[in-house]
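A quick write-up on the structure given underneath.
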Amino acid sequence: MVLAGCGSSKPRDAAMVFVSSRDGDYALFGVDAGDKHEWRLTKEKGDPSTPAGLFFQLQPSWSPDGRSIAFASKRDGHFHVYVMPAAGGDARRLTSGPDDDTRPSWSPDGKRIAFARRGEVYAIPAAGGKPGQITRELGGDAGDPAWSPNGKLIAYDYREPGFSSREVWVVDGDGSHPRQVTHLKHESGLPSWSPDGKRLAFQSNLRGQHFEIYTIALDGRGLRIETATSTDTIDPAWSPGGGRIAFSRDGSIQAVDRGRSSEQLTSGKNDSSPAWRP
């Protein structure tokens, strides 16, 4: 794998992957924890003049062993879930059919990948196979699944039939006992678990027209705003150590610590969807 802009053929270990359109198509890039060098994970590219080529790699999710990355791609005309080696290389497609499959999330045991399809949450064996339906929302719109660190729960966002707002919910891994976490009556979603599984980070436009990052306990208590700006702050991703939450703002990936001090992590070339390496 050739690392863009560094003149070396030795692959680096990415501390984080993210999505960027700096090459024209939306693709996965890595950034290391040291000098914050950034590089594209694959030499393969999409044609940005077509929808299939433009949305080439989106919404990354690491395998728990850090060796593989699941992502969504529209390269065959519909969004489907693919898996590729973390160091780059050929991707294999996991899902197929006429439906859009988005927002993959790897289970902590590495055996299944959850994703959104037709307003429901599904899961498919990571080795390949038939997907099974997790949620059964009967006319609502569920999406953006995220496995809990212990693998027992899946968080997701959900819009009830007849409502314009979205809320954060959790459900048991077998699809039983769905319960609502937020009751904010705004657009709240994209949940990300704290490493101890006690809280969820999410984005919401609770304070006005723009989004900020919030955290909340699973019982719906302890709502806390983590960012406070005048521009959209989205795509929360809790760090493995629990001390920081990454997010996308103003076209770059940034992170905020528990004291609300922030740091820019990428150079800012239309970057989004951060995912920390396990």
Fill in: Residue satisfying all of: in the range 220-262; without any contact (Cβ under 8 Å) to a residue 12 or more places away in the chain and among the charged types (D, E, K, R); most open to solvent (accessible area, probe 1.4 Å) among these
ARG221
Worksheet item: Could we say that ARG277 is touching a strand residue (DSSP E or B) at 6+ places or on another chain (Cβ under 9 Å), more than 22 Å from SER61 (Cα to Cα), among the charged types (D, E, K, R) and open to solvent by 40 Å² or more (accessible area, probe 1.4 Å) here?
Response: no
Practice prompt. List the strands (runs of 3 or more DSSP E) that sit entirely inside the range 20-78 and contain at least 2 residues that are modelled with pLDDT under 95.
Written response: 27-31, 38-40
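The values are calculated or read from the model by the stated rules, or taken from the named source; none is laboratory data. Worth saying up front: this structure is predicted, and the values here are computed from it rather than measured. All Cβ positions, glycine included, derive from the backbone under ideal geometry; neighbour counts span all protein chains shown. Heavy atoms of the whole protein, side chains included, go into the accessibility calculation; ligands, DNA and RNA do not. Shrake-Rupley method; radii C 1.70, N 1.55, O 1.52, S 1.80 Å.
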